[in-house]
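> So that we are looking at the same thing, I have put the structure below in C-alpha cells.
The values are calculated or read from the model by the stated rules, or taken from the named source; none is laboratory data. Since the model is a prediction, treat every value here as computed from it, not as a measurement. Positions of Cβ are backbone-derived with ideal geometry, glycine not excepted, and every protein chain shown enters the neighbour counts.
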Amino acid sequence: MRMTMTGAALAGLALAACQPAEQRKSGEPAPPNPTQTVAAPAEKPVYRFKIGALDAIALFDGQNPVPNDNKVFGVGLTPQAVAAPLTAAGQPADPIMLEIHPLLVRNGDRTMLFDTGLGGGEGQLMQSLRAAGVDPAAVTDVLISHGHPDHIGGLVANGRLAFPNAAIRMSQAEWASIRAKPEMADLVRIATPKVQAFQPGGEVAPGVTAQDTAGHTPGHVAYLIADGQNQLLYTGDLMHHWILSVEHPDWRVGYDDDQAAGEKARLDEVTALRNSGAHIYAYHFPFPGLGKIQTREGRAMFISEAQSTRSAAN
C-alpha cells in the first residue's frame, strides 16, 4: 500500500476541519495545518498551510470544464451514468469542472514547485505567485508529475525558462516520452540544460520521495512530501475529479495514455487511501485540493481538510 498524505476540498458535502492533536490516536501522523485561505480564487488565489514545520502554498492556476460526453470520464458508459453521482451530490453534470493548482513547498533553503500549470495566456500561476510573495527566480526545484500541457505549460514563457534558477525534476520515462513528441521540441530545447531525470522510488529532493504511478502517462509519478511523521501525497493526475475519480476509480478515463494501467493505478491508490486515512493534495480537485478519502455511507468520498474563510479568520 502506498503511503499518502495531506488534504483536499469537498464541495457541497460534509466539510471536515483539521483534527485537533488531542483527538488523534496515539502514533497517528498529524494532519497539515492550514493557516490561511480565501473565499474565491479570483480574489486572491493563495492558500497557506503547514506540513509539519514546512510552509506550503496552494496556487490557483485556472479551471478546465470538461464535456460530459464519455470521451474523458466514463469511457464506454453513457452521459446519464456519469451524471448520476454528480447530481446526487448536488453538482452540475455538464460540463464537469476540473481546477488546476500547483503546489509550492519550502524546506530549508529549498523552494519547491510541484507542476507549473497551463502557462501561456490561460494560466494564472504567475499572478498567484505574486499574491503569495514568491519570486519565480527563488524557486530552486520544479518537480513534474507528468508531461501533459496543464502540468508543464508554465515551464517556459516567452522562449525562456519561467523559473530560471530551478532544477527541473521528472522521471526518466516521462522525460523520454516528452522528448519523443515533435510538438514539445521547443520546450525540450529550452529545458534540457536544467532537467534532472530520476528513477522513481527514492528521494528526489529534500523530504520528497517519488512514487511510480505510471498509466496516466508512461512516467507519471506521485510525490510524498514529509517532515517527520507529517506527510502529504501530491497525487498529480492519479485522480481528476473529486466525485467521479473517488467513487468510481474503475471507470476508464480518456486522458489516460494507457487506460487499463491508469484504471489500475487509480483503483489501487483510492483503495489504499480509504484504508490508510492518509492526507492528499489533489491537483484537479476544488481549490485548494487538501483532504482525505474516507468511506461514508458505504462508498468512497473525498472529505475536505481546508478551513473555510470564516474559520481561518477567527
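> What do you reckon, is residue 278 in contact (Cβ under 8 Å) with a residue 40 or more places away in the chain and touching a His at 6+ places or on another chain (Cβ under 9 Å)?
Judged against the criteria, residue 278 is not a match.
> Here's another thing I want to ask about it. Being under 17 Å from residue 303 (Cβ atoms) and β-branched (Val, Ile, Thr) is the filter here; which residues of the stretch 226-283 pass it?
Hits for the stretch 226-283 are 235, 243, 246, 270, 271, 280.
> Only one residue in 169, 130 is in contact with a strand residue (DSSP E or B) (Cβ under 9 Å, 6 or more places away or on another chain) and of a type in the set (Lys, Arg). Which one?
Of the residues listed, the single one that is in contact with a strand residue (DSSP E or B) (Cβ under 9 Å, 6 or more places away or on another chain) and of a type in the set (Lys, Arg) is 169.
> Further question on the same structure: Taking the conditions exactly as written (without any contact (Cβ under 8 Å) to a residue 12 or more places away in the chain, surrounded by fewer than 18 Cβ atoms within 10 Å (Cβ to Cβ) and under 28 Å from residue 215 (Cα atoms)), does residue 172 satisfy them or not?
It is false that residue 172 is without any contact (Cβ under 8 Å) to a residue 12 or more places away in the chain, surrounded by fewer than 18 Cβ atoms within 10 Å (Cβ to Cβ) and under 28 Å from residue 215 (Cα atoms).
> Quick check: is even one residue across the stretch 130-138 in contact (Cβ under 8 Å) with a residue 40 or more places away in the chain and touching an Asp or Glu at 6+ places or on another chain (Cβ under 9 Å)? Reasoning before the result, please.
Quick first cut of the stretch 130-138, residues in contact (Cβ under 8 Å) with a residue 40 or more places away in the chain only: 131-132, 134.
Right, trim to touching an Asp or Glu at 6+ places or on another chain (Cβ under 9 Å) and you get none.
So far as the stretch 130-138 goes, no, none of its residues is in contact (Cβ under 8 Å) with a residue 40 or more places away in the chain and touching an Asp or Glu at 6+ places or on another chain (Cβ under 9 Å).
> Another question about this same structure. With a cut-off of at least 2 residues that are touching a Phe, Trp or Tyr at 6+ places or on another chain (Cβ under 7 Å) and aromatic (Phe, Trp, Tyr), name the strands (runs of 3 or more DSSP E) lying wholly within the stretch 226-314.
The strands (runs of 3 or more DSSP E) meeting that bar number zero.
> Which ones in the stretch 92-124 are of a type in the set (Val, Ile, Thr) and closer than 16 Å to residue 242 by Cβ?
96, 100, listed by residue number.
> Residues that are over 30 Å from residue 250 (Cα atoms), under 15 Å from the mean Cα position of the chain (by Cα) and surrounded by 24 or more Cβ atoms within 10 Å (Cβ to Cβ): does the stretch 92-105 have at least one?
Start the filter on the stretch 92-105 by keeping residues that are over 30 Å from residue 250 (Cα atoms), which leaves 104-105.
Imposing the further condition that a residue be under 15 Å from the mean Cα position of the chain (by Cα) reduces the set to 104-105.
Narrowing the set further to residues that are surrounded by 24 or more Cβ atoms within 10 Å (Cβ to Cβ) leaves 105.
Yes: the stretch 92-105 contains one or more residues that are over 30 Å from residue 250 (Cα atoms), under 15 Å from the mean Cα position of the chain (by Cα) and surrounded by 24 or more Cβ atoms within 10 Å (Cβ to Cβ).
> Looking at 119, 215, 201, can you tell me which residue is out of contact with any helix residue (DSSP H, G or I) (no Cβ under 7 Å at 6 or more places or on another chain), on the phi > 0 side of the Ramachandran plot, in a loop (DSSP other than H, G, I, E, B) and surrounded by 21 or more Cβ atoms within 10 Å (Cβ to Cβ)?
119
> Quick check on residue 96: is it of a type in the set (Val, Ile, Thr), farther than 27 Å from residue 260 by Cα and at pLDDT 95 or above?
no
To keep it simple, each residue is scored yes or no on (1) surrounded by fewer than 17 Cβ atoms within 10 Å (Cβ to Cβ); (2) on the phi > 0 side of the Ramachandran plot; (3) within 15 Å of the chain's Cα centre (by Cα).
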| residue | (1), (2), (3) |
| --- | --- |
| 238 | no, no, yes |
| 253 | no, no, no |
| 260 | yes, no, no |
| 283 | no, no, yes |
| 292 | no, no, yes |
| 295 | yes, no, no |
| 300 | no, no, no |
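> From the list 257, 212, exactly one residue is charged (D, E, K, R) and under 28 Å from residue 106 (Cα atoms). Which is it?
The match here is 212.
A quick yes/no check of all residues on (1) modelled with pLDDT of 95 or more; (2) part of a loop (DSSP other than H, G, I, E, B); (3) closer than 26 Å to residue 257 by Cα; (4) among the basic types (Lys, Arg):
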{"position": "105", "(1), (2), (3), (4)": "yes, no, no, no"}
{"position": "113", "(1), (2), (3), (4)": "yes, no, yes, no"}
{"position": "147", "(1), (2), (3), (4)": "yes, yes, yes, no"}
{"position": "163", "(1), (2), (3), (4)": "yes, yes, no, no"}
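> Can you report the number of residues in the stretch 76-91 which are over 16 Å from residue 247 (Cβ atoms) and either in a loop (DSSP other than H, G, I, E, B) or among the hydrophobic types (A, V, I, L, M, F, W, C) (or both)?
So the answer is 2.
> Could we say that residue 243 is aliphatic (A, V, I, L, M) and in contact with a Gly (Cβ under 8 Å, 6 or more places away or on another chain) here? Spell out the reasoning first.
Details: aliphatic (A, V, I, L, M): yes; in contact with a Gly (Cβ under 8 Å, 6 or more places away or on another chain): no.
For residue 243, the condition - aliphatic (A, V, I, L, M) and in contact with a Gly (Cβ under 8 Å, 6 or more places away or on another chain) - is not met.
> Would you please name the residue that is nearest to residue 134 (Cα to Cα), looking only at residues in the stretch 76-91 that are of a type in the set (Val, Ile, Thr) and surrounded by fewer than 17 Cβ atoms within 10 Å (Cβ to Cβ)?
First, the residues of the stretch 76-91 that are of a type in the set (Val, Ile, Thr): 78, 82, 87.
After this cut, where a residue has to be surrounded by fewer than 17 Cβ atoms within 10 Å (Cβ to Cβ) as well, the list is 78, 87.
Values: 78: 44, 87: 39 Å.
Among those residues, the one meeting the criterion is 87.
> Specify which of the listed residues (217, 192) is β-branched (Val, Ile, Thr) and free of Cβ contacts under 8 Å to residues at least 60 places away in the same chain.
192
> Quick check on the stretch 218-234: of everything there that is under 21 Å from residue 176 (Cα atoms) and not small (Gly, Ala, Ser), which residue is surrounded by the fewest Cβ atoms within 10 Å (Cβ to Cβ)?
Applying the first criterion (under 21 Å from residue 176 (Cα atoms)) to the stretch 218-234 yields 218-223.
Next, from what is left, pick out any that are not small (Gly, Ala, Ser): 218, 220-221, 223.
Values: 218: 19, 220: 32, 221: 28, 223: 28.
Filtering the stretch 218-234 for residues that are under 21 Å from residue 176 (Cα atoms) and not small (Gly, Ala, Ser), the one surrounded by the fewest Cβ atoms within 10 Å (Cβ to Cβ) comes out as 218.
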